[in-house]
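The structure appears right after this line, and notes come after that.
What follows is calculated from the coordinates using simple rules that are stated; it is not laboratory data. Quick caveat: nothing in here was measured; it's all calculated off a predicted structure. All Cβ positions, glycine included, derive from the backbone under ideal geometry; neighbour counts span all protein chains shown.
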Amino acid sequence: GEKMSFSIHYEWGVIDSDVGWANVVLDTLRVNGVKSFHCSVYGSTTRLYDLFFPVRENFQSWFSYDGLRPLRFTRDTHEGKYTARNTYVYRRDGFSGSHIMADVYTSSRGDRSLELPLDDCTFDLPSLFFFARNMDFDAVVQDVKYPMTFAIDDDVYNVYFIMRGRETIKVRGLGTVRTVKFSAKLISGNVFTGEEDLSVWITDDENRIPVLFEAPILVGVASGRLTSWSGLKHPFSSLVKK
């Protein structure tokens, strides 16, 4: 029942405005009779910015209720003239060992079916997000790089995250929030330079929801901020002042 909404902001030269929105919704269902989580992530540019560079993102992830292990994942992405679709089914053990059965389409390379490597630390992006929120923060040492692995399109990426420490910040439209700041390594490509990290500020309470994130991109800086929420499991106690 948890739902979070974000406003997406873009800065470059004289441009300094909100350009899109994103929603993250979590619910529960049964996958092959097993109680599981289902996370939906939707993103879109606003009607005005659709005229310049329309973006539509739809990520769907199913992962186990016990252990948060990914079960299935789909991606449907449209960014300008670029399109990407992923369908993953996670196979563990079995005759051919653990692997991800991946059907992948990109407008640059067409359709492909392949097997991607899978171990206990491999996730898709939504399941990684929820797994990270459930970490034992007391066991994480500040300013130390910790590996994380995720699959997207036709590859598995080994990156890292770093806990930077606790900060009390002001978030436009939200208020003053006690947070824990993290950095995460980005993958270089069509959007990110790969030279700088994504910064994320999450609530310093039991919910651990992101209230602000910032990422340098090839041209300018993209950021997002929390605008609304509902269905949180715990009180939003880190919100100091609206």
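Some observations on this one:
- Residue in region 183-199 that is out of contact with any Asp or Glu (no Cβ under 6 Å at 6 or more places or on another chain), closer than 27 Å to residue 27 by Cα and surrounded by fewer than 14 Cβ atoms within 10 Å (Cβ to Cβ) present: no
- Residue match in region 11-21 (condition: surrounded by 16 or more Cβ atoms within 10 Å (Cβ to Cβ) and not in a strand (DSSP E or B)): no
- If you go through region 110-144 and keep only what is loosely packed, with under 15 Cβ neighbours inside 10 Å, touching a residue at least 24 places away in the same chain (Cβ under 8 Å) and either acidic (Asp, Glu) or over 19 Å from residue 208 (Cβ atoms) (or both), you end up with 112, 114, 117, 119, 120, 121.
- The residues of region 221-242 that are in a loop (DSSP other than H, G, I, E, B), surrounded by 14 or more Cβ atoms within 10 Å (Cβ to Cβ) and touching a residue at least 40 places away in the same chain (Cβ under 8 Å), listed by number, are 232, 238.
- Selected residue [within 22 Å of residue 100 (Cα to Cα) and free of Cβ contacts under 8 Å to residues at least 40 places away in the same chain] from 36, 17: 36
- Counting the residues of region 160-176 that are acidic (Asp, Glu) and surrounded by 14 or more Cβ atoms within 10 Å (Cβ to Cβ) gives 0.
- Among the residues of region 160-175, the one identified as without any contact (Cβ under 8 Å) to a residue 24 or more places away in the chain and on the phi > 0 side of the Ramachandran plot is 165.
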